[in-house]
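These notes are about the structure you will find just below.
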């Protein structure tokens, strides 16, 4: 099949299709790009371009409440990532390796946090913490973040392990290595890129989460997105744009890193 | 895959800790909420355990049914618009030259990686009375007035009145379309990408036009992806909370906001729990439909 210019299925060459796609991409990018652009705009009114400035970044960096919120976010994301990566990896390995009774319902249950509406999980957590008398704060946020991150990490680990050659483990066992040695020297090195990707995903999920955090946070446990939310409700200011841009850049950098690690690790084993 | 019986110890060590965490901090909260949904609200907003369906009955009272109906309506309109924008995009990407495909896909997914709150906030700046859109319209209005001025009929244009674009249902729909577009585009792209292009060529060779081919061949063949993507966009918009909270006004409260209100200002947790479970059941039904449709068409979507 010659892919020449006359190919009637070359829809992407058609003007109307290009117009359609162009319109959609403008729709997708205009809001975010203008938000980022106007964080550098030297005007409080935030509507016409007055010149380049870093003033609002300076303001955001010197805003002690934003500082505190950012620190809280990092603490929560750090702990949540560590715990959920370990637990999620265990879950992913168990699902990859074993057949067991009631596997279907079990898989449905552990993947539930991915599919249920966030607001349902958020209010369920509120009801739970009230019932067990746990005051809302950094701990309750972290605990909830771990719960919704575990299935995501498990999915990543399971996908990574799908390309693993189990006979390597058998060989290791045949050659006299213990189960633990086999895991540590054979399975773990293979799993590692999946672990890094899963951890980055968990970190981004935690750093970005708004709905569940909003409901499980108490006084003094404001996170970065929640602080931005309260600023947004107040008004649209270049300072909010600057703070938002910082969060966008961090999230994008982490996600891109996770993708690069994943695609590199998948290269040699399967296409 | 090996049976768990072969290696009970390893299975237990791997499966128990994550299961325990998810059961304690996810399943138990859901069960508690389920129990609450049958409870009664005390005079001070405390919860009095009971077994009655009053909360569920209240959910289908006129005033609440209106909100539920509105949520379904908003979600349906969102899905339709997302489809009208998303289908051509999915098709454009699927038929793009190979080296462009990944770039275009990345461009679709990229906004999806930015924070939901920030993406929604970005629309406030675009839509508000002094936002970019009104600013653009005002500029166009000014230029048109000058143009009409040449013919001495400037008064035809009148004074510029900024449009009320924010804090209403339209703004909510725009915000939802924006947020859930990738969820619809990706499944549709995946099916169009996989389908046998020779069917389309045959259709064109046999004299059908591009539109006929689109409606009689491409779309039926891509139907599993279309249904999958549309249902996904629908349930995600149904269960939304943040978009109406930020972009909506008094006329655009959805189920998610009604639930949230029961857990904050109204302090009626039993009713909120019942609503939350209604939303969950609805989500499960749609997910089940989606899974069974995908299963029947044989082939993982």
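Residue by residue through region B:34-82, note down the ones that are in contact with a strand residue (DSSP E or B) (Cβ under 6 Å, 6 or more places away or on another chain) and assigned to a loop (DSSP other than H, G, I, E, B).
Hits for region B:34-82 are B:39, B:42, B:50.
Residues are listed down the side, and each one gets a yes or a no for (1) within 12 Å of chain B (Cβ to nearest Cβ); (2) under 17 Å from the mean Cα position of the chain (by Cα); (3) under 19 Å from residue B:276 (Cβ atoms):
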| site | (1), (2), (3) |
| --- | --- |
| A:103 | yes, no, no |
| A:131 | yes, no, yes |
| A:135 | no, no, no |
| A:143 | yes, yes, no |
| A:155 | no, yes, no |
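Kindly provide the set of residues from region A:209-224 that are modelled with pLDDT of 90 or more and more than 15 Å from residue A:71 (Cβ to Cβ), ordered by number.
Those that are modelled with pLDDT of 90 or more and more than 15 Å from residue A:71 (Cβ to Cβ): A:209, A:210, A:211, A:212, A:214, A:215, A:216.
Could you look through region B:287-299, keep only residues that are surrounded by 15 or more Cβ atoms within 10 Å (Cβ to Cβ) and closer than 30 Å to residue B:36 by Cβ, and pick out the one that is modelled with the lowest pLDDT?
Among those residues, the one meeting the criterion is B:290.
Each row is one residue, and each column tells you yes or no for (1) over 27 Å from residue B:102 (Cα atoms); (2) modelled with pLDDT of 90 or more; (3) not in a helix (DSSP H, G or I).
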| site | (1), (2), (3) |
| --- | --- |
| B:184 | no, yes, no |
| B:187 | no, yes, no |
| B:190 | no, yes, no |
| B:199 | no, no, no |
| B:202 | yes, no, no |
| B:211 | no, no, no |
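Among the residues of region B:1-43, what is the count of those that are in contact (Cβ under 8 Å) with a residue 24 or more places away in the chain and over 30 Å from the mean Cα position of the chain (by Cα)?
The qualifying residues number 3.
For residue B:85, work out the one condition from (1) within 14 Å of chain A (Cβ to nearest Cβ); (2) within 17 Å of the chain's Cα centre (by Cα); (3) touching a residue at least 12 places away in the same chain (Cβ under 8 Å); (4) buried (at least 23 other Cβ atoms within 10 Å of the Cβ) it doesn't fulfil.
(4)
Return yes when residue A:64 is more than 30 Å from residue B:213 (Cα to Cα), touching a residue at least 40 places away in the same chain (Cβ under 8 Å) and surrounded by fewer than 16 Cβ atoms within 10 Å (Cβ to Cβ) and no when it is not.
No; evaluated as a whole, the condition is false for this residue.
Please give the number of the condition residue B:156 fails out of (1) surrounded by 14 or more Cβ atoms within 10 Å (Cβ to Cβ); (2) at pLDDT below 80.
Evaluating residue B:156 over (1) surrounded by 14 or more Cβ atoms within 10 Å (Cβ to Cβ); (2) at pLDDT below 80 leaves (1) as the failure.
With respect to residue A:84, is the statement that it is facing another protein chain (nearest Cβ under 10 Å), part of a helix (DSSP H, G or I) and within 16 Å of residue A:195 (Cβ to Cβ) true? If you could, list the steps in order and put the result at the bottom.
Values: facing another protein chain (nearest Cβ under 10 Å): yes; part of a helix (DSSP H, G or I): yes; within 16 Å of residue A:195 (Cβ to Cβ): yes.
Yes.
Taking region B:3-18 as the region of interest, how many residues are within 7 Å of chain A (Cβ to nearest Cβ) and within 19 Å of residue A:109 (Cα to Cα)?
Number of matching residues: 6.
Look through B:206, B:231 and report the one residue that is within 16 Å of the chain's Cα centre (by Cα), more than 23 Å from residue B:104 (Cα to Cα) and surrounded by fewer than 22 Cβ atoms within 10 Å (Cβ to Cβ).
None of the other options fit; the residue is B:231.
Of A:75, A:116, which residue is within 18 Å of the chain's Cα centre (by Cα) and closer than 21 Å to residue B:22 by Cβ?
Just one listed residue meets the conditions, A:116.
Might you check whether a residue that is under 27 Å from residue A:158 (Cβ atoms) and not in a helix (DSSP H, G or I) occurs anywhere in region B:3-23?
yes
What number of residues in region B:28-41 are more than 7 Å from chain A (Cβ to nearest Cβ) and either within 30 Å of residue A:91 (Cα to Cα) or surrounded by fewer than 11 Cβ atoms within 10 Å (Cβ to Cβ) (or both)? Walk me through how you get there before you give the answer.
Initial filter on region B:28-41 (more than 7 Å from chain A (Cβ to nearest Cβ)): B:31, B:34-35, B:37-41.
Within this subset, residues satisfying the condition of being either within 30 Å of residue A:91 (Cα to Cα) or surrounded by fewer than 11 Cβ atoms within 10 Å (Cβ to Cβ) (or both) are B:31, B:34-35.
Of the residues in region B:28-41, 3 are more than 7 Å from chain A (Cβ to nearest Cβ) and either within 30 Å of residue A:91 (Cα to Cα) or surrounded by fewer than 11 Cβ atoms within 10 Å (Cβ to Cβ) (or both).
If you go through region B:92-107 one residue at a time, do you hit one that is under 20 Å from residue B:214 (Cα atoms), in a helix (DSSP H, G or I) and at the interface with chain A (Cβ under 7 Å from one of its Cβ atoms)?
As a first pass, look at region B:92-107 and keep what is under 20 Å from residue B:214 (Cα atoms): B:92-97.
From what's left, in a helix (DSSP H, G or I): B:92-94.
After this cut, where a residue has to be at the interface with chain A (Cβ under 7 Å from one of its Cβ atoms) as well, the list is B:92.
Within region B:92-107 (the criterion being under 20 Å from residue B:214 (Cα atoms), in a helix (DSSP H, G or I) and at the interface with chain A (Cβ under 7 Å from one of its Cβ atoms)), the answer is yes, since at least one residue qualifies.
Here's the yes/no breakdown for (1) within 10 Å of another protein chain (Cβ to nearest Cβ); (2) in contact with a helix residue (DSSP H, G or I) (Cβ under 7 Å, 6 or more places away or on another chain); (3) part of a helix (DSSP H, G or I):
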{"position": "A:195", "(1), (2), (3)": "no, yes, yes"}
{"position": "A:199", "(1), (2), (3)": "no, yes, yes"}
{"position": "A:207", "(1), (2), (3)": "yes, yes, yes"}
{"position": "A:215", "(1), (2), (3)": "yes, yes, yes"}
{"position": "A:220", "(1), (2), (3)": "no, no, no"}
{"position": "A:232", "(1), (2), (3)": "yes, yes, yes"}
{"position": "A:247", "(1), (2), (3)": "yes, yes, yes"}
{"position": "A:254", "(1), (2), (3)": "yes, yes, yes"}
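What number of residues within region A:160-179 satisfy the criterion of being within 16 Å of residue A:261 (Cα to Cα) and within 13 Å of chain B (Cβ to nearest Cβ)?
Within region A:160-179, residues that are within 16 Å of residue A:261 (Cα to Cα) and within 13 Å of chain B (Cβ to nearest Cβ) number 1.
Go through B:112, B:132 for me and flag whichever is closer than 22 Å to residue B:248 by Cβ, out of contact with any strand residue (DSSP E or B) (no Cβ under 6 Å at 6 or more places or on another chain) and in contact (Cβ under 8 Å) with a residue 24 or more places away in the chain.
Testing whether each residue is closer than 22 Å to residue B:248 by Cβ, out of contact with any strand residue (DSSP E or B) (no Cβ under 6 Å at 6 or more places or on another chain) and in contact (Cβ under 8 Å) with a residue 24 or more places away in the chain leaves just B:112.
Looking at (1) in a helix (DSSP H, G or I); (2) loosely packed, with under 14 Cβ neighbours inside 10 Å; (3) touching a residue at least 12 places away in the same chain (Cβ under 8 Å), find the lone condition where residue A:56 falls short.
Only one criterion is unmet by residue A:56, namely (2).
Would you confirm whether any residue within region B:89-104 is closer than 20 Å to residue B:244 by Cβ, free of Cβ contacts under 8 Å to residues at least 60 places away in the same chain and surrounded by fewer than 19 Cβ atoms within 10 Å (Cβ to Cβ)?
No: zero hits.
Could you tell me whether any residue of region B:141-148 is facing chain A (nearest Cβ under 10 Å) and surrounded by 14 or more Cβ atoms within 10 Å (Cβ to Cβ)?
Residues of region B:141-148 that are facing chain A (nearest Cβ under 10 Å), as a first pass: none.
No, there is no match, as no residue in region B:141-148 is facing chain A (nearest Cβ under 10 Å) and surrounded by 14 or more Cβ atoms within 10 Å (Cβ to Cβ).
The values are calculated or read from the model by the stated rules, or taken from the named source; none is laboratory data. Note that the structure is a prediction, hence the values are computed from the model and not measured. Note that we place each Cβ from the backbone using ideal geometry, even for glycine, and neighbour counts take in every protein chain shown.
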